[in-house]
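To start, the structure under review is shown below, and the notes come after it.
Taken together, the values in this text are just the output of simple stated rules run on the coordinates, not laboratory data. Everything numeric in this text was worked out from a predicted model, so none of it was measured. Cβ placement follows ideal geometry from the backbone for every residue including glycine, while neighbour counts extend to all protein chains displayed.
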Amino acid sequence: MNPIDETHLLLNLVAAVQEAAVNSYNLSFGWSEIVECWTKEEIFQELKEYGIRTQEEAVNHFALIAKDRSEYAKEIESTAW
């Protein structure tokens, strides 16, 4: 795939991830963290690094990240008190 096509594809996947994150914002801390903390460039680089090429793969990849971040946040919260 040439660089222009790859960039176009990844930008579309970034938009899909951001939309999924916004739609899932209230479901977990991980999704809200993706909305509030991840830039388009960071999402783009993550997708590129893992060779993700479909919308389903992109959303599933970030769902795993959201799950991990939510679990980590719960662990920290449980030790805070």
What FRET efficiency comes out for the pair Asn26/Glu6, r = Cβ-Cβ distance, R0 = 35 Å, nearest 0.05? 0.60
Could you tell me how many degrees, from 0 to 90 and to the nearest 10, lie between the Cα long axis of helix 3-23 and the main elongation axis, the longest principal axis, of the Cα atoms of the chain? 30
Taking only Cα atoms, what is the 0 to 90° angle, nearest 10, from helix 55-80's long axis to the longest principal axis of the chain? 20
Check the straight Cα-Cα distances from Lys40 and name the lysines below 19 Å, setting aside those fewer than 8 residues away within the same chain. Lys48
At R0 = 30 Å, how high is the FRET efficiency between Glu41 and Ser78 if r is their beta carbon distance? Nearest 0.05 is fine. 0.35
If each K or R counts +1 and each D or E counts -1, the residues other than Trp38 whose Cβ falls under 11 Å of its Cβ total -3
Most fluctuating of Leu47, Leu13, Leu27 in the GNM of the chain (C-alpha, under 10 Å) is Leu27
Lys48-Asn60 pseudo-label distance in nm [points 7 Å out on the Cα-to-Cβ vector]: 2.4
